[in-house]
Amino acid sequence: MTRMTQADFDEDGRLLFAGPCDFIFASVSVKDLPPAGAPEIAFAGRSNVGKSSLLNALTNRKTLARVSHTPGRTQQLNFFSLAGASGGDEKLRLVDMPGYGYAAVGKEKIAGWSKLMRDYLRGRAQLARVFVLIDARRGVKPVDDEMFDLLDQAAVSYQVILTKHDEVKLAERSLVVEETLAALRKRPAAYPELIFTSSQTGEGVSTLRAAIARLLHERKS
Ligand SMILES: Nc1nc2c(ncn2[C@@H]2O[C@H](COP(=O)(O)OP(=O)(O)O)[C@@H](O)[C@H]2O)c(=O)[nH]1
Ligand SMILES: [Mg+2]
């Protein structure tokens, strides 16, 4: 096996997201998932955390995921398929999970999406990692801890992305990092490295692409 360097993963990540990316499926129930294909990477987070904006930045698109005007509305799993710069076979799927923690959503709906997420997380062999987005200005909230619980129970590897990093003053950054790492410390399925992003400045987007490329590489070998 050839030894891959960080520069290789940066380039792989760039190419992975340089090709076509198409919406392929929306699931409202696990009885209704797309047939298994390429490895899946899912994105979860509180509503308004910046998930749609990050998915758009990641895929170089302005409107792949709709930046929300009505938070808490999407109660489905949205699947996007990436073919990579060389086209051809499907290389990766991105899964946009419903935003959680939106107060105006009724209990019944919350129970519905919780079940959908739990069923998907527990039963999906091709799910390689879940990125849990946390607003860097706000840090980990109780609803995020509930998400971590769910992921630990499902034994799905997950990693935290701190979003809207452009909004956090330099002096406050190390505190956010410390608190977030502390929240993850005893969690068995949490990946111990954080990724910082800003969809506003583009910070961290290529880092995230490279992390995904590395994951795919590790999965293959
Ligand atoms: N300053 C800043 N604002 C952001 C960033 N990402 C998203 N936002 C804003 O946060 C709000 C919610 O974004 P959206 O992507 O719809 O969040 P979602 O509900 O998690 O999908 C919008 O007003 C975005 O413009 C970011 O990186 N920096
Ligand atoms: Mg959204």
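Just checking, how many residues over region 174-196 are in contact with a helix residue (DSSP H, G or I) (Cβ under 8 Å, 6 or more places away or on another chain) and outside any strand (DSSP E or B)? Spell out the reasoning first.
Here is the first cut: in region 174-196, the residues in contact with a helix residue (DSSP H, G or I) (Cβ under 8 Å, 6 or more places away or on another chain) are 183-184, 187-190, 192, 194-196.
Subset that is outside any strand (DSSP E or B): 183-184, 187-189, 192, 194.
Here the count works out to 7.
For (1) at pLDDT 95 or above; (2) surrounded by 18 or more Cβ atoms within 10 Å (Cβ to Cβ); (3) within 29 Å of Leu116 (Cβ to Cβ), each residue gets a yes or a no:
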residue: Asp144; (1), (2), (3): yes, yes, yes
residue: Gln159; (1), (2), (3): yes, yes, yes
residue: His165; (1), (2), (3): yes, yes, no
residue: Val177; (1), (2), (3): yes, no, no
residue: Gly202; (1), (2), (3): yes, no, no
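Quick test of your reading of the structure: Leu121 fulfils all but one of (1) in a helix (DSSP H, G or I); (2) farther than 20 Å from Leu92 by Cβ. Name the failing condition by number.
Only one criterion is unmet by Leu121, namely (2).
Which residues, taken from region 77-101, are touching a helix residue (DSSP H, G or I) at 6+ places or on another chain (Cβ under 9 Å) and among the aromatic types (Phe, Trp, Tyr)?
Phe80, Tyr100
Among the hydrophobic types (A, V, I, L, M, F, W, C), closer than 30 Å to Arg118 by Cα and either assigned to a strand (DSSP E or B) or touching a residue at least 12 places away in the same chain (Cβ under 8 Å) (or both) - does that describe any residue in region 9-20?
The answer is yes; a qualifying residue exists.
Of the conditions (1) within 16 Å of the chain's Cα centre (by Cα); (2) among the basic types (Lys, Arg); (3) over 30 Å from Gly37 (Cα atoms), Lys141 fails just one. Which one is it?
With respect to (1) within 16 Å of the chain's Cα centre (by Cα); (2) among the basic types (Lys, Arg); (3) over 30 Å from Gly37 (Cα atoms), Lys141 is out only on (1).
Got a number for residues in region 151-188 being more than 16 Å from ligand 1 (Cβ to nearest atom) and more than 15 Å from the chain's Cα centre (by Cα)?
Qualifying residue count, region 151-188: 19.
Looking only at residues in region 60-80 that are under 13 Å from the mean Cα position of the chain (by Cα) and within 13 Å of ligand 1 (Cβ to nearest atom), which one is modelled with the lowest pLDDT?
By that ranking, first place goes to Ala65.
What do you reckon, is Lys169 surrounded by fewer than 17 Cβ atoms within 10 Å (Cβ to Cβ) and touching a residue at least 12 places away in the same chain (Cβ under 8 Å)? Outline the logic, then answer.
Values: surrounded by fewer than 17 Cβ atoms within 10 Å (Cβ to Cβ): yes; touching a residue at least 12 places away in the same chain (Cβ under 8 Å): no.
No.
Would you say Ala154 is aliphatic (A, V, I, L, M), in contact with a helix residue (DSSP H, G or I) (Cβ under 8 Å, 6 or more places away or on another chain), under 18 Å from Val30 (Cα atoms) and more than 16 Å from ligand 2 (Cβ to nearest atom)?
Considered against the rule, which asks whether it is aliphatic (A, V, I, L, M), in contact with a helix residue (DSSP H, G or I) (Cβ under 8 Å, 6 or more places away or on another chain), under 18 Å from Val30 (Cα atoms) and more than 16 Å from ligand 2 (Cβ to nearest atom), Ala154 comes out as yes.
Conditions tested, residue by residue: (1) surrounded by fewer than 15 Cβ atoms within 10 Å (Cβ to Cβ); (2) without any contact (Cβ under 8 Å) to a residue 60 or more places away in the chain; (3) touching a Lys or Arg at 6+ places or on another chain (Cβ under 8 Å); (4) β-branched (Val, Ile, Thr).
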| residue | (1), (2), (3), (4) |
| --- | --- |
| Leu92 | no, no, no, no |
| Asp96 | no, yes, yes, no |
| Asp135 | no, no, yes, no |
| Asp149 | yes, yes, no, no |
| Leu184 | no, yes, no, no |
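List every residue pair whose Cβ atoms lie under 6 Å apart, where the two residues are 6 or more positions apart in sequence or sit on different chains, the first residue falls within region 46-57 and is over 12 Å from Gly204 (Cβ atoms) and in a helix (DSSP H, G or I), and the second residue, located anywhere, is at pLDDT 95 or above and hydroxyl-bearing (Ser, Thr, Tyr).
The qualifying pairs are Ser53/Ser199.
Take region 28-52 and flag every residue that is small (Gly, Ala, Ser) and more than 16 Å from ligand 2 (Cβ to nearest atom).
Ser29, Ala36, Gly37, Ala38
The values are calculated or read from the model by the stated rules, or taken from the named source; none is laboratory data. Just so you know, these numbers come straight off a predicted model, no measurement behind them. A quick note on method: Cβ atoms are made from the backbone with ideal geometry, for glycine too, and the neighbour counts reach across all protein chains shown.
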